Amino acid sequence: MNKSNTVTCSFTMDRDVYNAYKSIVSGNGENVKSNIIKYMMSVIRYETPNADTIAAIEEVQHLKSDPNRKSYGSFAELLRDLDNE
């Protein structure tokens, strides 16, 4: 990426919020900058900033790719399966 295609972002935020975020992010082996960039890319990819929605979409994609997943033809079929457990 050349310099003309980059932007520098600067913002001010509450120190306690930043430290809590940094602690969580670094605990997962990331740094704040790369985590924020990854989050921005997820927003662009899924056109939604909601982390729960993004996680649900990713879960569905994972389940669809699993050849051993259990699937149902109807909600009633799912309920019958639950009753049999």
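Compared with the alpha-carbon gap, the fully stretched path from residue 44 to residue 77 is longer by 8.2 nm at 0.36 nm per residue.
How large, in percent, is the carbon and sulfur part of the accessible surface of the chain at a probe radius of 1.4 Å? Mind dumping the intermediate values first?
On the way: 4180 of 7660 Å².
So the carbon and sulfur contribution to the accessible surface is 55 percent.
Estimated from the Cβ-Cβ distance and a Förster radius of 22 angstrom, the FRET efficiency linking residue 35 and residue 66 is about 0.20. With unit charges on the beta carbon (Lys/Arg positive, Asp/Glu negative), name the residue among 20, 36, 46 whose Cα is farthest towards the positive pole of the charge dipole of the chain. So the residue furthest toward the plus end is 36. Shown in residue order for segment 70-85 are the 3J(HN,Hα) couplings computed by the Karplus curve 6.51 cos²θ - 1.76 cosθ + 1.60 at θ = phi - 60°: 8, 9, 10, x, 7, 5, 4, 5, 4, 4, 4, 5, 5, 5, 7, 7 Hz (x for Gly and Pro). Sorting 6, 48 on solvent-accessible area from highest to lowest, probe radius 1.4 Å, gives 6, 48. For segment 8-85, a crude dipole built from +1 on the beta carbon of Lys and Arg and -1 on the beta carbon of Asp and Glu, taken about the Cα centre, is about 420 debye to the nearest 20. Accessible surface calculations at 1.4 Å, restricted to protein heavy atoms, place segment 1-50 at 91 Å² per residue. Counting only DSSP H runs of at least 4 residues, each contributing -39500 (n - 2.57), and dividing by the residue count of the chain, the helix-based mean residue ellipticity at 222 nm comes to -19000 deg cm²/dmol.
The values are calculated or read from the model by the stated rules, or taken from the named source; none is laboratory data. All of these numbers come straight from a predicted model, not from anything done at the bench. Here the Cβ is made from the backbone with ideal geometry for all residues, glycine too, and neighbour counts use every protein chain on show. The area values use the complete protein model at the heavy-atom level, side chains included, leaving out ligands, DNA and RNA. Shrake-Rupley method; radii C 1.70, N 1.55, O 1.52, S 1.80 Å.
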